[in-house]
Amino acid sequence: MQATIGSDILYAKQLLIAGELVAIPTETVYGLAANALDAESVANIFIAKDRPHFDPLIVHVKSVEAINDYVIDIPQWAEKLAAEFMPGPLTLVLKKKDCIPDIVTSGFATVGIRIPKHPLIHELLAKLDFPLAAPSANPFGYISPTSAQHVYDQLNGKIPYIIDGGVCSVGIESTIVGEVDEKPVILRLGGTAPEDIWKIIGKCEVRTNSSSNPINPGSLEHHYAPKHKLVFGEMNFSGYDVNEIGIISFQKEYADIPKEQQYILSPSADLREAAQKIFSAMRSLDGMDIKIIFAEHFPDVGLGRAINDRLKRASA
Ligand code: TXA
Ligand code: MG
């Protein structure tokens, strides 16, 4: 199956109604979408991504009001966060209604809900009478796509259509907030900074660690992995030829390393800009004829936390 890249929303709608998959742009990363209310369509996502069934999907809806159609109850903290950050890079994990099939949530009683901000996906959702289940549009465990071409490079042959919405403006997945013992907990660091969330609902725990975290099964230790070895936080190049080294740095250039092997994510020290570029930098370096990628430890504030989280997992 040859994938087409285009911007025909009506064609995308037809495919989705027919139970097919469509790759969609969002402001965070590209998603691989299917009708969230149809278990058979959703099953195709797991096949195309080679994704294990224990890893639940996020359901994308058109508006805050529409959330009520799919969840039993919206606690106060979630209502506040929805009012502040939706649409945007935030996913809320809430108790699901029966209309959400178990395959979407991997059997959990909760469902991850998000309202994406990208105009094309809004246009699409407005034309559909069902929400879209969509994980990031990459083979399981690999780097998330932030352009239509990234999706094509990895999933051509497995899906019919990719909607081209340009380069993702946030560049890193949504922040996920769920509930543990009736208190909000950040389950995945992402495009909404924890500090911004805490301003709205008070400080809450960040619990993103992994295999020991049954409430967030997708947060595996080894994820977002490039093919080249990635060293995180230690810029010690000894033992390697400079031509074998790729660099991901925040602001600074490394004098001895060839310039074209260096991705300096934000010379002006803007963590948003760095987050927007992190996955495409990893991907570009991965395509080069080098042996190893060295990535700096970014400042542990704002979106720097999510960047460090991804780099740590990519290095595991
Ligand atoms: O920005 C994003 O969130 C992107 C775009 C496409 O919307 N989507 C995305 O999906 O990153 P994915 O499948 O790569 O990550 C979804 C993760 C799961 O791995 C899991 O950790 C968490 O969301 N999740 C989903 N439903 C959950 C649930 N019911 N309980 C706990 N965690 C859940
Ligand atoms: Mg993913």
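Of the candidates 165, 246, the single residue that is part of a loop (DSSP other than H, G, I, E, B), surrounded by 12 or more Cβ atoms within 10 Å (Cβ to Cβ) and not hydroxyl-bearing (Ser, Thr, Tyr) is 165.
Just one of (1) among the polar types (S, T, N, Q); (2) surrounded by fewer than 19 Cβ atoms within 10 Å (Cβ to Cβ); (3) modelled with pLDDT under 95 fails for residue 251. It is (3). Among the residues making up the stretch 68-95, those that are more than 14 Å from ligand 1 (Cβ to nearest atom) and either touching a helix residue (DSSP H, G or I) at 6+ places or on another chain (Cβ under 7 Å) or part of a helix (DSSP H, G or I) (or both) are 74, 76, 77, 79, 80, 81, 82, 83, 84.
Going through (1) assigned to a loop (DSSP other than H, G, I, E, B); (2) in contact (Cβ under 8 Å) with a residue 24 or more places away in the chain; (3) more than 16 Å from ligand 2 (Cβ to nearest atom) one by one, residue 209 falls short only on (2).
From the list 252, 259, the one residue that fits, being over 29 Å from residue 196 (Cβ atoms), among the basic types (Lys, Arg) and more than 24 Å from the chain's Cα centre (by Cα), is 259. Hey, can you tell me all the residues within the stretch 170-219 that are modelled with pLDDT under 90 and either touching a helix residue (DSSP H, G or I) at 6+ places or on another chain (Cβ under 6 Å) or crowded, with 18+ Cβ neighbours inside 10 Å (or both)? Those that are modelled with pLDDT under 90 and either touching a helix residue (DSSP H, G or I) at 6+ places or on another chain (Cβ under 6 Å) or crowded, with 18+ Cβ neighbours inside 10 Å (or both): 208, 216, 218, 219. Kindly provide the set of residues from the stretch 168-206 that are among the charged types (D, E, K, R) and assigned to a loop (DSSP other than H, G, I, E, B), ordered by number. Matches in the stretch 168-206: 173, 181, 182, 203. Among the residues of this structure, residue 164 does not count as one that is free of Cβ contacts under 8 Å to residues at least 12 places away in the same chain, in the same structural domain as residue 48 (by TED's automatic domain parsing) and more than 13 Å from ligand 2 (Cβ to nearest atom). Among the residues of the stretch 115-139, the ones that are closer than 15 Å to residue 65 by Cβ and outside any loop (DSSP other than H, G, I, E, B) come to 3 in all.
The single residue among 62, 96 that is of a type in the set (Lys, Arg), more than 24 Å from residue 170 (Cα to Cα) and modelled with pLDDT of 95 or more turns out to be 96. The residues in the stretch 284-304 that are surrounded by 22 or more Cβ atoms within 10 Å (Cβ to Cβ) and part of a helix (DSSP H, G or I) can be counted, and the count is 1. When the stretch 96-120 is filtered for residues that are of a type in the set (Lys, Arg) and more than 8 Å from ligand 1 (Cβ to nearest atom), the ones remaining, listed by number, are 97, 117.
The values are calculated or read from the model by the stated rules, or taken from the named source; none is laboratory data. This is a predicted model, so every value here is computed, not measured. Because the Cβ atoms are built from the backbone with ideal geometry, glycine has one as well, and the counts that use them run over all protein chains shown.
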